[in-house]
Amino acid sequence: MRSQSSLGEFDIIEKYFRQSSPRQDVLLGVGDDAALVAAPENSQIAISTDTLVEGIHFFPDIPPRALGHKALAVNLSDMAAMGAEPRWVTLALTLPEVNEPWLAQFSKGFYDLAEYFNVSLIGGDTTKGPLSITVTVHGVVPSDKALRRNGAKPGDWIYVTGNLGDSGLALAHLQQQLSLTPQQLELCLKQHYFPQPRVLAGYGLRDIASATIDISDGLANDLRHILRQSGCSASLKLEQLPLSETMTEAVGLDQSFQLALCGGEDYELCFTVPESNKGSVNTSLSYSGVPFTCIGQLASGQGEIKLQYQGKPYQFDPSGWDHFN
């Protein structure tokens with residue numbers, strides 16, 4: 001961000017962060033000391049906050065439109081994991097300087113995704129300092145329908161949405177740990193820069209999933225949260241992991257497994273389903289248009305994950321990849 005502008009804090013908010021047509025349930029949005037929203041009856045409010053800091057969570061040269069998209073997407077992914085409908089969002093933006101072309105692209109990436117999911121920006125803050133973005137999203141979920149991490153039981157089946165590992169593959173290239181062809185990099189960067197929150201899939205899982213989490217820190221790390229909170233262990237069949245052809249061609253099968261298990265920033269959903277609901281998964285997720293795959297099953301335990309490949313135990317060293325988290 002090099003170019004500077006004479007715009008002040010309120011000018012920035014007025015020019016780049018005031019929506020022209022907020023949701024009907026926004027009674028008072030950007031421009032006052034606090035926002036006012038109307039919450040629906042018989043619902044619970046779901047709230048999630050994430051902060052992204054330059055040099056910690058993203059590289060300085062990330063395209064600003066991608067950063068705007070991703071800053072909101074990571075929060076919408078948390079809503080998806082809870083089965084919640086995202087409605088309102090606040091944005092706290094710390095800028096080293098005012099760069100209007102950067103702000104135009106950042107706000108476009110942010111608002112394009114917000115409009116797609118009918119989410120209104122209702123407030124926030126801007127200040128000067130090292131570049132960081134804090135987003136808080138508020139959603140609603142029918143009372144007692146929220147998805148959680150602690151409901152899984154031994155015998156439940158383990159599923160994931162989408163493909164795993166492509167975002168980590170792009171990150172490994174950016175860190176110069178490996179080299180991708182231009183075509184491979186283009187496909188993987190799309191997953192890394194523009195993750196698609198699985199909000200619609202979250203709606204479909206409300207009545208059939210026993211536990212759900214979004215995959216932000218790698219499948220193995222995030223699945224372990226479910227296992228420990230539910231008192232279970234897991235057995236995964238690696239040949240069933242959903243891997244893209246781009247990734248397996250770029251790094252081979254073993255490294256693809258590593259990226260799928262530990263790569264992070266996939267923002268897919270990992271969820272467990274009781275045997276009694278297994279036949280309902282296809283129907284429940286069909287309208288979301290999101291692919292899903294059964295990758296294993298739960299047993300009694302305290303967070304252990306057993307890996308199998310073609311019926312044999314599989315070992316790998318997760319420390320082989322040092323990802324930029």
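The values are calculated or read from the model by the stated rules, or taken from the named source; none is laboratory data. Quantities reported herein were computed from a predicted structural model and do not represent experimental measurements. Note that each Cβ is placed from the backbone with ideal geometry, even for glycine, and that neighbours are counted across all protein chains shown.
If you take the residues in the stretch 27-59 that are in contact with an Asp or Glu (Cβ under 9 Å, 6 or more places away or on another chain) and free of Cβ contacts under 8 Å to residues at least 24 places away in the same chain, which one is surrounded by the most Cβ atoms within 10 Å (Cβ to Cβ)? Among them, the one singled out is Gly31.
Going by the structure shown, is Gly204 in contact (Cβ under 8 Å) with a residue 24 or more places away in the chain and over 20 Å from Val74 (Cβ atoms)? Here the answer is yes, as Gly204 does meet what is asked. Taking the conditions (1) assigned to a strand (DSSP E or B); (2) of a type outside the set (Lys, Arg); (3) more than 30 Å from Ile226 (Cβ to Cβ); (4) modelled with pLDDT of 85 or more in turn, Gln44 satisfies each one other than (3). Taken over the stretch 106-125, the criterion of being at negative phi and either in a loop (DSSP other than H, G, I, E, B) or surrounded by fewer than 20 Cβ atoms within 10 Å (Cβ to Cβ) (or both) is satisfied by Lys108, Tyr111, Asp112, Glu115, Tyr116, Phe117, Val119, Asp125.
Leu103 meets each of the listed conditions (1) of a type outside the set (Val, Ile, Thr); (2) buried (at least 22 other Cβ atoms within 10 Å of the Cβ); (3) at pLDDT 95 or above; (4) in the same structural domain as Pro64 (by TED's automatic domain parsing) apart from (3). A search for C-beta distances below 8 Å between a residue of the stretch 218-232 that is on the phi > 0 side of the Ramachandran plot and any residue that is surrounded by fewer than 24 Cβ atoms within 10 Å (Cβ to Cβ) and hydroxyl-bearing (Ser, Thr, Tyr), counting only pairs 6+ apart in sequence or on different chains, returns Gly231/Ser300. For the stretch 165-194, residues that are closer than 18 Å to Leu269 by Cα and in contact with a Ser or Thr (Cβ under 7 Å, 6 or more places away or on another chain) total 4. You will find that of Gly168, Gly155, Gly231, the residue that is crowded, with 18+ Cβ neighbours inside 10 Å and either β-branched (Val, Ile, Thr) or under 28 Å from Pro313 (Cα atoms) (or both) is Gly168 and no other.
When the stretch 154-213 is limited to residues that are touching a Leu at 6+ places or on another chain (Cβ under 7 Å) and basic (Lys, Arg), the one that is farthest from Lys70 (Cα to Cα) turns out to be Arg206. In the stretch 281-295, the qualifying residues are those that are surrounded by 14 or more Cβ atoms within 10 Å (Cβ to Cβ) and out of contact with any Cys (no Cβ under 9 Å at 6 or more places or on another chain), and the one that is farthest from Gly162 (Cα to Cα) is Ser284.
Taking Leu285 as the residue in question, decide whether it is touching a residue at least 24 places away in the same chain (Cβ under 8 Å) and more than 13 Å from Leu205 (Cα to Cα). No; evaluated as a whole, the condition is false for this residue. Screening the stretch 184-277 for strands (runs of 3 or more DSSP E) wholly inside it with 3 or more residues that are under 30 Å from Pro142 (Cβ atoms), in contact with a strand residue (DSSP E or B) (Cβ under 8 Å, 6 or more places away or on another chain) and not aromatic (Phe, Trp, Tyr) returns the ranges 211-215, 268-273. Look through the stretch 195-207, keep the residues that are of a type in the set (A, V, I, L, M, F, W, C) and crowded, with 20+ Cβ neighbours inside 10 Å, and return whichever of them is farthest from Glu268 (Cα to Cα). So the residue we want is Leu205.
Every condition in (1) over 22 Å from Ile295 (Cβ atoms); (2) modelled with pLDDT of 95 or more; (3) surrounded by fewer than 24 Cβ atoms within 10 Å (Cβ to Cβ); (4) of a type in the set (A, V, I, L, M, F, W, C) holds for Leu178 except the one numbered (2).
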